[in-house]
Every structure is written in structure tokens, then in C-alpha cells.
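Structure record follows, encoded as C-alpha cells.
The values are calculated or read from the model by the stated rules, or taken from the named source; none is laboratory data. Everything numeric here is computed off the predicted structure, so don't read it as measured data. Every residue, glycine among them, receives a Cβ derived from its backbone with ideal geometry; neighbour counts consider all protein chains shown.
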Amino acid sequence: MPPTPTTPDSPPAAAVLPAYCDFTVFGGTGDLALRKLLPALYHRDREGQLPPDHRIVGVSRSPIDTAGYRDLVRTALATHVPAEELEPAAVERLLARLHHLELDAHVPDGWHELHGLLKDRPGADEAVRVYYLAVAPGLFGPTCERLDELGLVDERSRVVMEKPIGHDLASARAVNDAVGRVFAEHQVFRIDHYLGKESVQNLLVTRFANTFLEPLWNSRWVDHVQITVAETVGVGKRGPYYDHAGALRDMVQNHLLQLLCLVAMEPPTYVGRETVRDEKLKVLQALKPLTPADVDRDTVRGAYEGYGEEVGHPGTRTETFVALKAEVQNWRWAGVPFYLRTGKRLDHRASEIVVVFKEPPHAMFPQSEGSTTANRLHILVQPDEGMKLHLTAKEPGPGGIRLRPVSLDLSYATAFPQRSPDAYERLLMDVVRGNPTLFMRRDEVEAAWTWVEPILARWAQRSAELEERPEPYPAGSSGPTAAADLLGRDGRTWQEPDQ
Ligand code: NAP
């Protein structure tokens, strides 16, 4: 057995549940809090992971008292937790932890109440205080500043930020600077919920806790990699934000590049709080910078028909679809294309990573129609989590050898019938325990923006000078035709689900 790591970087020492914890959610009445955070805390509490003294403080400008907030959360749990998982005693236990404070993060009034609530409790001197910023990013800096002024930030405090962290590199730096004036980097938890998904964590385990894949996981044996995050929904209520952001900022800069990092990264010496993030950063830094000519050739932007009307901005040039080709310039991956694709109102909902291996060097079997010899590993991230390995087999029967593709399927739901926790459950408990391994570090976020910015700049230039618009695609289709052409030019095709 290898020795257990004992360097200061390893998480176990700090990754214990604190006896006293106050979890303050700025934006406690919002969609994220009610749909994701409170149901996640309910599940962890039901599993006995929240010690009795943990409290949850919702903060918003809404004029509701704690009783009203408890009613709101009761309704949210009934809506967002499956009926068979709602246990009345567990619901009541969670509700009893809740408090609501009415305050405007822009205005100094009302903060003394938060101060009183957080300071006036047993164990206040040793309590871990988690501040979850489920509010617009413009409030991140001011909220942190006020917390600091009130003396509510100490070495045990943590702050959690949601995307978007900035609109570009400069604004991301400004947000990180503002939060960084109050919280040290090790106290800042930037959530990318994809990293909390079981299948995404299992990607690391599959790669590094088995021996059979690693020798093949490089440019010698991998032909290319595809990463797809396809949605059937449109922008819904997020129109104003989305029209300002677009798919590249909303999905590629964070989720898709994070998935790329996990596919491409080198094995860390051990899974420590910084080691995984160090390896991901190296991947981001190895992404080949795109020149304007590269952007013109290797990126596609599309918008579903009717998007402009849906967001009340018919002249919009915001993209709801992106496809692009990236390359990781290092010894392992040089020359291997990574094709990334994401879009809204597509014909299916799926998040999937496909590693396509090279054809065997010599075709010794007579080829037959429908045969294929390239192996593919599909890592299914959502809606169903699992893995499929596509192999070539002999079709049973006498006569000649006919080849047929077959797949080895690992469905998480079948292999592990117990309930699979939502990504937020895992991530929130990591925050409470102080384990940042699955969160984005500042340098990762900024390296991702550095790579994305030339694409944004070139698109903006083409929009301004050539009046270019994203290519329209019908809602419910597979996206703009240029996305198929991007791979077609390289003699490849997108792998669609069930292929
Ligand atoms: P939302 O539904 O609009 O909720 C915003 C929350 O912030 C409400 O509780 C609102 O309550 C509160 N708030 C607004 N201004 C405030 C102020 N000045 N002082 C104190 N509280 C204030 O938004 P959301 O969907 O929950 O999203 C919150 C943040 O998370 C956004 O930055 C979003 O981009 C990000 N995010 C959301 C999701 C998601 O699934 N929803 C996913 C990823 C990232 P009052 O209006 O009563 O004050």
C-alpha cells in the first residue's frame, strides 16, 4: 500500500464536520436556493450529516419573517424533493434550523441583526461560517465587504460563489479581487456543479484507479475527444442574463472546459486539495491560443429560431449554440482535437464525453456493411450517469466473419441502486468540511477566460464589421449545419446518443 500523504496539502485533517456551523445563503428566497441548495441540505440532514447545532440563515430583501421563510422552504421541498424521499420528521428538523433576515446587500441597514444572530450562539468562537452568494455577481464584492466590516469573517469562514464569475477576464479579476480582499483564496469556493456529479468524479477514478486505460489515453491511441452538453430547453426566465452572456460564457468557459481538464489532466501524486487543481490548471494553460483565423475556421456560433423574440430582443446577436475545436498542446495530447459543443433547444438532452480511439493499424477482417472498428468510450454525465465502451464483435453465424459494433454498458443506477446524491449535496458538504478539491481556483477561472477571450473578441469584431449573426437553427434540431461541417472537414462526425 502506498503511504497516506501527510503533506499540508492533503485534505483529511481539515475535512471533518465542524461541531458548530452557520450556513448563510444570500439570495435565500431565490430559485437556486429553493430549487437546489435547500433540498440538498435537506438530504444531507436526513442522512444525519448536519450536526444538531447547524443553522441555515436565508437573507433577502423579501419582507418575510422566519416563520414565513419556513413556509416557503416547506413548499420548495415539497416541490423539489421526490415524495418518497420526504420524511416529515426530517423536514421539520431542517425547517427548525432556518432563519430569515430581511436586508439589502447594497444598503448598510439591517446587518447588525445578522451580526447578532451569528455571534450570539453557543460555540460562536469556534463556529464555521459559510456564506453562500446565491445573488447576482455585482453583489459579491459589497456583501463580502460588509461581512468584513462587521467582523464576521475569520480564519474558519468560507465564501461560496456561483457562476458567472465575470463577463470576461478583466471583470473576473475584479470579482476575484473584491472577494479576495476579504477572504484568502483557500476560503473561496467557486462552484461548478458539474464537478460534483458522480459520473464526473468517476471519470478520475476510471482513469486513475484502473490500469487498462491509462496506456491508451494519449495521442498515440486516441483519435479525438468530443464533449457535448445539449439541452432541449430554451433560456426560460434567465433571458436578461443569458442575452448578455451567451453560450460561450455561460457553458464553455466553465463547465465544458472543466470537463476537458478532467479528461486531459495528468495523474496527480495523490488527491489533495490543490494537486487536482494544479493539474487542471496545466491543461488550461496548454490549450492552444486561437488566432482570429483559427476562430473563423474552428468555432461555430448558432442561435435557435425565435430566440430573439423569446428574450424580447429581436436584433440580438447572442449565441445559444457553440461548437469548437480545441487542442491541448502537451506531450500527451499534441495533435488530438477536442471538439466541444453545447446548445439550447436541441433535439435531445445529454451531457456526454466521448473518447474516440484510433482504428486498428491493420484491417485483417473483411469489412462488411455497418461494421466499425474504432473503439469509443462514452462517459454519460446526464441525464443518465454511466459509461459505455463500444467494441467491435463478430456477428454470430456461420460463413464469413461479419463485424458488428457492440457496447459494454455501465449504468450507475443499475450498478449502484442506492440513491445517487445530487451534485450540490456533495459540494455543500465539502464546503462545510473545508475541502476545496472540487471547486475552481482563481487561477483556473482566469486561465479559462484567457483562452476564451480571443473567441469573444473575434466574434464581436465580425458582428461589428460584417454584421455577422449566429447561424440560425430550428428549435428541436441538432444545431447549425456549420457544426457538422466543423467535424466533416476533418473526416469525422458528432457522436449522437445511442450511436
Ligand atoms: P433569483 O431567483 O433571481 O434570486 C435572487 C435572490 O437574490 C433572491 O433571493 C433575491 O431576493 C435576492 N436578492 C436580490 N437582490 C438582493 C439584494 N440587493 N440584497 C439581498 N438579496 C438580494 O436568482 P437565482 O436563479 O437564484 O440565481 C442567483 C445567482 O446564482 C445568480 O448569480 C445566478 O446567475 C447564479 N446561478 C443560478 C443558477 C440556478 O440554477 N438558478 C445556476 C447557476 C448559477 P429579493 O429580491 O427578495 O431580495
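Just checking, which of Ala178, Ala209, Ala184, Ala172 is within 16 Å of the ligand (Cβ to nearest atom), within 26 Å of Glu274 (Cβ to Cβ) and without any contact (Cβ under 8 Å) to a residue 40 or more places away in the chain? Show your work before the answer.
Values: Ala209 fails: within 16 Å of the ligand (Cβ to nearest atom); Ala184 fails: within 16 Å of the ligand (Cβ to nearest atom); Ala172 fails: without any contact (Cβ under 8 Å) to a residue 40 or more places away in the chain.
Checking each option against the conditions leaves just Ala178.
Being touching a residue at least 24 places away in the same chain (Cβ under 8 Å) and within 20 Å of Phe183 (Cβ to Cβ) is the requirement here; does Val81 meet it? So that I can check it myself, show each step before the final result.
On the way: touching a residue at least 24 places away in the same chain (Cβ under 8 Å): yes; within 20 Å of Phe183 (Cβ to Cβ): no.
No; evaluated as a whole, the condition is false for this residue.
Has the range 270-277 got at least one residue that is closer than 26 Å to Glu496 by Cβ and in contact with a Ser or Thr (Cβ under 7 Å, 6 or more places away or on another chain)? Even if it seems obvious, please write down each step before you answer.
Just the residues of the range 270-277 that are closer than 26 Å to Glu496 by Cβ, to begin with: none.
No, the range 270-277 contains no residue that is closer than 26 Å to Glu496 by Cβ and in contact with a Ser or Thr (Cβ under 7 Å, 6 or more places away or on another chain).
Where in the range 287-364 are there strands (runs of 3 or more DSSP E), lying wholly inside it, with at least 2 residues that are charged (D, E, K, R)? Steps first, answer last, please.
Working: elements: 299-304, 321-327, 337-343, 350-357.
Counting at least 2 such residues, we get 321-327.
What residue, among those in the range 103-117 that are within 14 Å of Thr24 (Cβ to Cβ) and within 10 Å of the ligand (Cβ to nearest atom), is nearest to the chain's Cα centre (by Cα)?
The first filter runs over the range 103-117 and keeps only residues within 14 Å of Thr24 (Cβ to Cβ), leaving 103, 105, 110-111, 113-117.
Among the residues that remain, those that are also within 10 Å of the ligand (Cβ to nearest atom) are: 103, 105, 110.
On the way: Leu103: 30, Ala105: 26, Gly110: 34 Å.
Among them, the one singled out is Ala105.
Does Tyr194 satisfy the criteria of being within 16 Å of the ligand (Cβ to nearest atom) and not in a helix (DSSP H, G or I)? Break it down stepwise before answering.
Details: within 16 Å of the ligand (Cβ to nearest atom): yes; not in a helix (DSSP H, G or I): no.
Taking the combined requirement at face value, the residue does not satisfy it.
If you go through the range 234-251 one residue at a time, do you hit one that is aromatic (Phe, Trp, Tyr), more than 12 Å from the ligand (Cβ to nearest atom) and either out of contact with any Phe, Trp or Tyr (no Cβ under 9 Å at 6 or more places or on another chain) or over 30 Å from Pro474 (Cα atoms) (or both)? Before you say what the answer is, go through the steps one by one.
Looking only at the range 234-251, we keep the residues that are aromatic (Phe, Trp, Tyr), and these are 241-242.
Going one step further and asking which of them are more than 12 Å from the ligand (Cβ to nearest atom), we end up with none.
No, because not a single residue in the range 234-251 is aromatic (Phe, Trp, Tyr), more than 12 Å from the ligand (Cβ to nearest atom) and either out of contact with any Phe, Trp or Tyr (no Cβ under 9 Å at 6 or more places or on another chain) or over 30 Å from Pro474 (Cα atoms) (or both).
Within the range 264-318, which residues are under 19 Å from Leu195 (Cα atoms) and without any contact (Cβ under 8 Å) to a residue 24 or more places away in the chain?
Hits for the range 264-318 are Met265, Pro268, Asp278, Glu279.
State whether the residues of the range 405-425 include one that is more than 29 Å from Leu50 (Cβ to Cβ) and of a type in the set (D, E, K, R). Break it down stepwise before answering.
Narrowing the range 405-425 to residues more than 29 Å from Leu50 (Cβ to Cβ): 405-411, 414.
Among the residues that remain, those that are also of a type in the set (D, E, K, R) are: 409.
For the range 405-425, residues more than 29 Å from Leu50 (Cβ to Cβ) and of a type in the set (D, E, K, R): present.
As an exercise: evaluate Ala170 against (1) modelled with pLDDT of 95 or more; (2) within 20 Å of Cys261 (Cα to Cα) and give the number of the one condition it does not meet.
The failed condition is (2).
Given the criteria charged (D, E, K, R) and either closer than 30 Å to Val295 by Cβ or loosely packed, with under 15 Cβ neighbours inside 10 Å (or both), does Asp422 qualify?
On the way: charged (D, E, K, R): yes; either closer than 30 Å to Val295 by Cβ or loosely packed, with under 15 Cβ neighbours inside 10 Å (or both): no.
Spelling it out, it is not the case that Asp422 is charged (D, E, K, R) and either closer than 30 Å to Val295 by Cβ or loosely packed, with under 15 Cβ neighbours inside 10 Å (or both).
Of the conditions (1) buried (at least 19 other Cβ atoms within 10 Å of the Cβ); (2) closer than 25 Å to Ala67 by Cβ, Val153 satisfies every one except a single condition; which number is it?
Failed condition: (2).
Could you check the range 90-102 and list, in sequence order, the residues that are within 13 Å of Arg70 (Cβ to Cβ) and either surrounded by 15 or more Cβ atoms within 10 Å (Cβ to Cβ) or within 16 Å of the ligand (Cβ to nearest atom) (or both)? Before the answer, list the steps.
Narrowing the range 90-102 to residues within 13 Å of Arg70 (Cβ to Cβ): 91-100.
Correct list: Val91, Arg93, Leu94, Leu95, Arg97, Leu98, His99, His100.
Take the conditions assigned by TED's automatic domain parsing to the domain that holds Arg146, farther than 24 Å from Val431 by Cα, under 29 Å from the mean Cα position of the chain (by Cα) and within 16 Å of the ligand (Cβ to nearest atom) and apply them to Thr79. Does it pass? Break it down into steps so the answer makes sense when it comes.
Working: assigned by TED's automatic domain parsing to the domain that holds Arg146: yes; farther than 24 Å from Val431 by Cα: yes; under 29 Å from the mean Cα position of the chain (by Cα): yes; within 16 Å of the ligand (Cβ to nearest atom): yes.
Judged against the criteria, Thr79 is a match.
Given the conditions (1) modelled with pLDDT under 95; (2) within 16 Å of the ligand (Cβ to nearest atom); (3) surrounded by 14 or more Cβ atoms within 10 Å (Cβ to Cβ), report the number of the one that Ser199 does not fulfil.
(2)
Restricting attention to the range 38-48, and to residues there that are more than 12 Å from Leu98 (Cβ to Cβ) and either within 24 Å of the chain's Cα centre (by Cα) or not assigned by TED's automatic domain parsing to the domain that holds Glu92 (or both), which single residue is farthest from the ligand (Cβ to nearest atom)?
If we filter the range 38-48 for residues that are more than 12 Å from Leu98 (Cβ to Cβ), which is where we start, we get 39-40, 43-44, 46-48.
Subset that is either within 24 Å of the chain's Cα centre (by Cα) or not assigned by TED's automatic domain parsing to the domain that holds Glu92 (or both): 39-40, 43-44.
Details: Pro39: 12, Ala40: 12, His43: 17, Arg44: 19 Å.
The qualifying residue farthest from the ligand (Cβ to nearest atom) is Arg44.
Among what's in the range 118-140 and is without any contact (Cβ under 8 Å) to a residue 24 or more places away in the chain and near the ligand (Cβ under 10 Å from one of its atoms), pick the residue that is nearest to Asp22 (Cα to Cα).
The extreme case among them is Ala136.
Scan the range 345-355 and give yes if some residue there is buried (at least 20 other Cβ atoms within 10 Å of the Cβ), in the same structural domain as Leu203 (by TED's automatic domain parsing) and of a type in the set (D, E, K, R), otherwise no.
So far as the range 345-355 goes, yes, one or more of its residues are buried (at least 20 other Cβ atoms within 10 Å of the Cβ), in the same structural domain as Leu203 (by TED's automatic domain parsing) and of a type in the set (D, E, K, R).
Which of the residues spanning the range 141-150 are more than 9 Å from the ligand (Cβ to nearest atom) and either farther than 20 Å from His54 by Cα or in a strand (DSSP E or B) (or both)?
In the first step, residues of the range 141-150 are kept if they are more than 9 Å from the ligand (Cβ to nearest atom); the result is 141, 144-150.
Listed by number, the residues that qualify are Gly141, Cys144, Glu145, Arg146, Asp148, Glu149, Leu150.
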